[in-house]
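Participant: Mind looking over this structure? Questions follow.
Just so it is clear, none of the values below were taken in a lab; they were calculated from the coordinates. Since this is a predicted model, take the numbers as computed values, not measurements. Cβ placement follows ideal geometry from the backbone for every residue including glycine, while neighbour counts extend to all protein chains displayed.
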Amino acid sequence: MRSLTAFAFIKGFAFACKPGLVHFFEKISAHKYQKRNIYRIDDPDFRDIQTEEMNIVKHLSVNAAETKLLATTNRSQIYVVKLWGPDLQIVRIFF
């Protein structure tokens with residue numbers, strides 16, 4: 001299954017075109033963007049079986065301050081990562 005999810009905001013844009021991978025580009029000028037990072041959402045199944053369909057990124061968004069990127073997958077979880085700064089690990093939030 002192929003899926004493309006994208007989200008644009010003032011400081012740049014993010015998109016996911018492969019299961020579990022989110023590419024983030026920072027806006028440098030009006031017509032120039034620079035690749036800042038690639039975030040990987042890698043959450044093994046409870047049976048230790050990795051399925052691509054479960055890692056497909058369904059939605060992308062940023063918080064109001066544009067400092068954190070939020071992503072959802074078919075796992076019914078929200079993943080949050082800082083866009084700026086040294087700590088760029090994905091943190092899982094359960095509901």
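Participant: Sort 56-65, 25-34 by the packing proxy (mean of other Cβ within 10 Å over each peptide's residues), most packed first.
Facilitator: Numbers: 56-65: 14.8, 25-34: 10.8.
The peptides rank, most packed first, as 56-65, 25-34.
Participant: Give a residue-ordered list of calculated ³J(HN,Hα) values for segment 8-17 (Karplus: 6.51 cos²θ - 1.76 cosθ + 1.60, θ = phi - 60°; whole Hz; x for Gly, Pro).
Facilitator: Values, residue by residue: 10, 8, 4, 8, x, 8, 10, 8, 10, 10 Hz.
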